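First comes the structure, then the notes that go with it.
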Amino acid sequence: MHEVPRFRRGFRFQWEPAQESYVLLYPEGMVKLNGSAGAILNEVDGQRSVADIVTSLEQQFPDAGPLGKDVSEFLQDARQQHWIELS
Amino acid sequence: MSRTETADPIKPANPHNAGPPLWLLAELTYRCPLQCPYCSNPLDFAQTEKELTTEEWVSVLRKGRKMGAAQLGFSGGEPLVRQDLAELIAEARHLGYYTNLITSGLGLTEAKVDAFAEAGLDHIQVSFQASDPELNNAVAGSRKAFDQKLAMARAVKEAGYPMVLNFVIHRHNIHQMNDIMSLCERLGADYVELATCQYYGWAFENREGLMPSKAQLVRAEQEVNQYRERLQQSGSAMKLIFVTPDYYEERPKACMNGWGNLFLTVAPDGTALPCHSARLLPIDFPNVRDMDLQSIWFDSPGFNHYRGDSWMPEPCRSCDEKEKDFGGCRCQAYLLTGNADNADPVCSKSSYHDRILAARKAADHATAGLTELVYRNADNSRLFFRG
Ligand code: SF4
Ligand code: SF4
């Protein structure tokens, strides 16, 4: 929870109006992100910890209940895909 | 999460429901110092007209981005030949593209690697021909190619770019799989593309001398799988992408994810194409000099030619797999059957499938050496133009 996620070099996260979604761009590839994946990765800035991100998301989506488990599972997954680093 | 988007006041008519051109390939030039015998450039590249100017490319990039293009490849030929490359990279990055430079490494210098990074280049892909200098240089038709490529791969890594190394695999280097993968690991590649030749352009002319046998392929596949396992165990982030030749399949690939559905190529002279080899088809393709990119994509006869499925003859027409593979590759159908409407002969339902079987058989017995291949250079190209 105290780990800080950051995008790996070569991975770029941005909003694409034509696809009406957030995407992750990397060498010769692109993932279109669903709503929650986009919302989580939108918080990744290389400064804030997983715990900070959870707090921020819980404030943005008060109806969603506690998000800690989902968020850290997703970020672990993103790390395994080599999209982000956790340190 | 809600986000309000202002609707586009002029929504183009889109009867085939074509997706936006998310990938734009800018083939900046057909000029290239190398002569690979599997080059995907047209056989008569030496005949093509004047290249687009910097301003014309900038306009293509702007319009493409507006239409939704997010991935941009600068390729060729050898894109480094263009003196305005850094300028185009900067413009593309400013527009929000993810910018990929696809290069042979020839003409690259450390200074350029740094200048491109400053301009905002996201990634450099360096192509190799083999894992050792002799074979590499023989295939590329250049004596200094290999050392230069090694030096540039190191420079790319040093500058902090993600690095993709690309190897075109054929019967003369397929025995080097392990050497190739370990070379890539030593160089610190993030992705390794091991792409067996696709037979268009020069590669079709040289098919018999390039196509690996089934036995070679099976062995290579095993080697890649074993290597991949090892990488996984050691926690390495290096990804291996092995593209096998569809000549050994019974169903074709869903070419380009559907005709005019995702990919847009602009050739050096401004011809817009649904894929980089489509130029060989007997279809009139529009040019960005004469037509707006938006109209090219949505309205031009060239781009609508194979959208939907009303153009399909049998066996595709009544096939329940047509949504899956769109009848395969139009270029392959044209090259192998003489009619681009036909099912891709890779499909076992095609009445021309025996031509694929014959090519497989030939690959089992082929004896042609490297020196017997037709190399991609201007002299040979003019020969093809004269016919
Ligand atoms: S395939 Fe070889 S000859 Fe063709 S453009 Fe690439 S480097 Fe040049
Ligand atoms: S018949 Fe045509 S649509 Fe059916 S699988 Fe073969 S190529 Fe695809």
Residues of the range A:1-40 satisfying the condition of being open to solvent by 30 Å² or more (accessible area, probe 1.4 Å), facing chain B (nearest Cβ under 9 Å) and of a type in the set (Phe, Trp, Tyr)
A:TRP15, A:TYR26
Here is a check on your reading of the model: is B:SER127 open to solvent by 20 Å² or more (accessible area, probe 1.4 Å), hydroxyl-bearing (Ser, Thr, Tyr) and modelled with pLDDT of 95 or more?
no
Going through B:GLU193, B:GLU185 one at a time, which residue ends up being open to solvent by 30 Å² or more (accessible area, probe 1.4 Å) and within 14 Å of chain A (Cβ to nearest Cβ)?
B:GLU193
Among the residues of the range B:65-113, the number that are open to solvent by 40 Å² or more (accessible area, probe 1.4 Å), of a type in the set (Asp, Glu) and under 20 Å from B:THR29 (Cα atoms) is 1
Please work out which residue is surrounded by the most Cβ atoms within 10 Å (Cβ to Cβ), limiting yourself to the range B:347-367 and to residues that are within 15 Å of ligand 2 (Cβ to nearest atom) and closer than 14 Å to B:PHE204 by Cβ.
B:ILE356
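So for the range B:250-257 (the condition being under 24 Å from B:TYR334 (Cβ atoms), away from chain A (no Cβ under 14 Å) and within 16 Å of ligand 1 (Cβ to nearest atom)), does at least one residue qualify? Show your work before the answer.
Of the residues in the range B:250-257, the ones under 24 Å from B:TYR334 (Cβ atoms) are B:250-257.
From the residues that got through so far, the ones that are away from chain A (no Cβ under 14 Å) too are B:250-256.
The next check asks that each one be within 16 Å of ligand 1 (Cβ to nearest atom); those that pass are none.
So far as the range B:250-257 goes, no, none of its residues is under 24 Å from B:TYR334 (Cβ atoms), away from chain A (no Cβ under 14 Å) and within 16 Å of ligand 1 (Cβ to nearest atom).
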B:ASP269 meets each of (1) at pLDDT below 95; (2) within 29 Å of B:CYS347 (Cα to Cα) with one exception, condition (2)
Which pairs do you get when a residue that is under 13 Å from B:VAL243 (Cβ atoms), found in the range B:158-181, comes within reach of a residue that is buried (at least 24 other Cβ atoms within 10 Å of the Cβ) and of a type in the set (Phe, Trp, Tyr), reach meaning Cβ atoms under 6 angstrom, with the pair 6+ apart or on two chains?
B:PHE167/B:PHE128; B:VAL168/B:TYR38
If only one of B:ASP132, B:ASP122, B:ASP179 is modelled with pLDDT of 90 or more and away from every other protein chain (no Cβ under 14 Å), which one is it?
B:ASP179
Going residue by residue through the range B:237-255, is there one that turns out to be away from ligand 2 (no atom under 16 Å from the Cβ), closer than 29 Å to B:ALA343 by Cβ, in a helix (DSSP H, G or I) and open to solvent by less than 20 Å² (accessible area, probe 1.4 Å)?
no
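The values are calculated or read from the model by the stated rules, or taken from the named source; none is laboratory data. This is a predicted model, so every value here is computed, not measured. Cβ sites come from the backbone with ideal geometry, for glycine too, and all protein chains shown count toward neighbours. Accessible surface is based on the protein model in full, side chains and every heavy atom, while ligands, DNA and RNA are left aside. Shrake-Rupley method; radii C 1.70, N 1.55, O 1.52, S 1.80 Å.
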